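J.: Pasting a structure below so you can have a look.
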Amino acid sequence: MAARLLMRFFIAISVVAVLGGLTYVYVKPPQSMKVTRDGVPHLSPPVTHPVTGEAIPLERLVQHYKGGGR
């Protein structure tokens, strides 16, 4: 009887901890969830290549100007 009560208490505490953590991350997300390590927003649209006119990811353009581009 006591084991069943303790197990239910443990499950309730676990559910509260998980829901609290998910709510916290949803309400106030860490900065790392908003931008990449180069400072580019995750949901940024492609940009136009200055020479060819093709659409390229903004991340590749930033890497090029930081010296790590291909």
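J.: Quick one: which residues, 5+ away or cross-chain, put their amide H under 5 Å from the amide H of residue 47? H built at 1.01 Å from N.
T.: Amide H neighbours of residue 47, under 5 Å, 5+ apart: 56, 58.
J.: If I model a spin label as a point 7 Å beyond the Cα along the Cα-Cβ vector, how far apart are those points for residue 25 and residue 54 in nm?
T.: Simple spin-label model gives 3.6 nm for this pair.
J.: Still on this structure, I have one more. Could you work out how far apart the two model spin labels at residue 65 and residue 8 are, taking each label as a point 7 Å from the Cα in the direction of the beta carbon, and quote it in nm?
T.: Taking the simple label geometry, residue 65 and residue 8 are separated by 6.1 nm.
J.: Same structure, new question: Any chance you could tell me what percent of the C-alpha pair distances in the chain go past 20 Å? Could you put the intermediate results ahead of the total?
T.: Working: 1388 of 2415 pairs.
Result for the distance tail: 57 percent.
J.: Against the longest alpha carbon principal axis of the chain, how many degrees, from 0 to 90 and to the nearest 10, is the axis of helix 2-27 turned?
T.: The helix 2-27 is inclined about 20 degrees to the chain.
No value in this document is a laboratory result; all are computed from the given coordinates. These numbers come from a predicted model, not from an experiment. Positions of Cβ are backbone-derived with ideal geometry, glycine not excepted, and every protein chain shown enters the neighbour counts.
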